[in-house]
Structure formats: structure tokens, C-alpha cells
Amino acid sequence: MGWSVFFILSELRSLKGLSNGLLLGAYDPLDPTGNITIRWDVRSWVPDGYVAEVSLFNYQQYRHIQPPGWKLGWVWSKKEIIWYVQGGQATEQGDCSKFKYDIPHSCKVNPEIVDLLPRAPSNRQRANCCKGGVLSSLAQDPANAVACFEVSVGRSGTTAKTLELPVNFTLKAPGPGYTCGPATKLDEPTKFTTPDGYSL
């Protein structure tokens with residue numbers, strides 16, 4: 001526990017008139033600091049890895065993600081696997097043929113996770129999930145400007161010193177697209193509040 005990372009995704013817009021198709025961070029004069037921030041919080045350690053809560057925060061004032069919704073992807077630093085996802089779903093399982101009994105949720109080196117639909121079974125849901133990938137803007141609907149899923153990662157480091165962060169994060173969504181800034185390790189772990197009001 002006590003290990004957090006975050007990075008910022010900026011909306012992209014292609015520049016017309018450039019033959020090389022260069023993409024730059026968009027500037028919106030009504031929302032010059034708007035972004036989508038992703039937080040990857042290691043919540044607990046398990047025998048072969050860890051469990052993380054992954055949160056997407058839409059800090060854009062006026063732009064929201066519409067159906068078919070967001071798709072968050074990354075590339076593993078080692079040969080990690082996903083044992084399960086709560087509040088989301090990997091789009092592909094990949095080649096898990098090396099596993100004979102306990103089959104992972106995904107063995108892809110570059111998994112992509114999507115949100116569940118609102119009618120997902122209750123045992124697959126968690127807080128701030130199951131909106132079909134729709135993410136409201138902060139100014140229009142702050143309560144629905146966050147999405148979360150929990151991921152259990154295997155074949156990974158089991159301490160803060162041996163853990164390697166995924167790389168090459170991507171966020172796909174309707175519209176011009178997003179580009180990721182570099183991940184930043186936080187000095188202070190994210191504090192969580194339990195339903196009964198205690199901070200962890």
C-alpha cells in the first residue's frame with residue numbers, strides 16, 4: 001500500500017494545413033487547463049502482484065466523453081497479467097494458454113479496459129463504474145466526472161521497490177483523441193475514505 005501514480009491526458013487536435021499530420025495539445029480558450037487525469041493507486045499486495053484502483057477524472061469544464069465511451073490502454077513493463085477487473089472489462093483476453101487451471105482475465109501485453117454497462121451484474125460493479133464509458137464534464141455534472149475500476153495484477157513486483165509501472169498509456173474516446181503526459185509517482189499515498197468516514 002501507499003504507492004500512487006498519476007498522469008494527465010490532454011485532448012489532441014490535428015493542425016490543418018500540415019502535411020505531416022502533427023498532433024498538438026488542444027487549447028480551448030474557455031478551458032485552458034482542462035484535462036483528464038488518470039490515477040493508478042496500489043491498494044494492496046497479493047502473492048504474485050498487487051491490486052490497484054484506477055480512476056479517470058474529467059477535469060475538462062465543458063467536454064464530456066460520449067458513447068461508445070472511453071477505452072484505457074497501456075503496455076506492461078514485464079509480462080504481467082490481469083487476474084480480474086472489477087467495474088471494467090478487458091477488450092481481449094490474449095494468449096493465456098500457459099495457464100491450465102486458474103485462467104487470467106487478460107494475458108495481453110497491451111491490454112485495453114472499457115467501462116461496464118449500467119445493467120452489469122452487481123457482483124461485477126463497484127463505485128463510479130458502469131456508465132458505459134460516459135464521463136461527464138466537471139462543470140456540467142461533477143458527480144459523474146469520475147470513473148473507476150479495480151484491477152488485480154499478477155506476475156508483477158510485490159513491493160514498491162520491485163513494482164514496475166505500465167508504460168505507453170492511451171485513452172481512446174469519441175472525438176479528436178488524447179495524448180498522455182509522463183506518469184508521476186506521488187510522494188504521498190492517496191488517502192481513501194471508508195463508507196463509515198475513516199481515512200485510510
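Annotations for the structure displayed:
- Hits in the stretch 34-48 (condition: touching an Asp or Glu at 6+ places or on another chain (Cβ under 7 Å) and either modelled with pLDDT of 95 or more or not small (G, A, S) (or both)): D41, R43
- The numbered conditions (1) part of a strand (DSSP E or B); (2) on the phi > 0 side of the Ramachandran plot are all true for G69 except (1).
- Of the residues making up the stretch 54-73, those that are surrounded by 22 or more Cβ atoms within 10 Å (Cβ to Cβ) and within 16 Å of the chain's Cα centre (by Cα) number 5.
- The numbered conditions (1) surrounded by 14 or more Cβ atoms within 10 Å (Cβ to Cβ); (2) free of Cβ contacts under 8 Å to residues at least 24 places away in the same chain; (3) more than 17 Å from Q60 (Cα to Cα) are all true for N144 except (3).
- Filtered by the rule that a residue be modelled with pLDDT of 95 or more, more than 26 Å from A145 (Cα to Cα) and assigned to a loop (DSSP other than H, G, I, E, B), the stretch 77-91 gives a lone residue, E80.
- Output for the stretch 141-200, where each listed residue is more than 26 Å from Y84 (Cα to Cα), in a loop (DSSP other than H, G, I, E, B) and at pLDDT 85 or above: D141, P174
- The stretch 32-53 - residue that is of a type in the set (S, T, N, Q) and not in a strand (DSSP E or B) and, of those, farthest from the chain's Cα centre (by Cα): T33
- Scanning the stretch 99-119 for residues that are part of a loop (DSSP other than H, G, I, E, B), under 19 Å from the mean Cα position of the chain (by Cα) and of a type in the set (A, V, I, L, M, F, W, C) turns up C107, V109, L116, L117.
- Single unsatisfied condition, I8 versus (1) of a type in the set (A, V, I, L, M, F, W, C); (2) surrounded by 14 or more Cβ atoms within 10 Å (Cβ to Cβ); (3) in contact with a strand residue (DSSP E or B) (Cβ under 7 Å, 6 or more places away or on another chain); (4) modelled with pLDDT of 85 or more: (4)
- So G154, is it more than 11 Å from L56 (Cβ to Cβ), in contact with a Gly (Cβ under 7 Å, 6 or more places away or on another chain) and among the small types (G, A, S): yes
The values are calculated or read from the model by the stated rules, or taken from the named source; none is laboratory data. As the structure is a prediction and not an experimental result, all values here were calculated from the model. Virtual Cβ from ideal backbone geometry, glycine too; neighbours counted across all protein chains shown.
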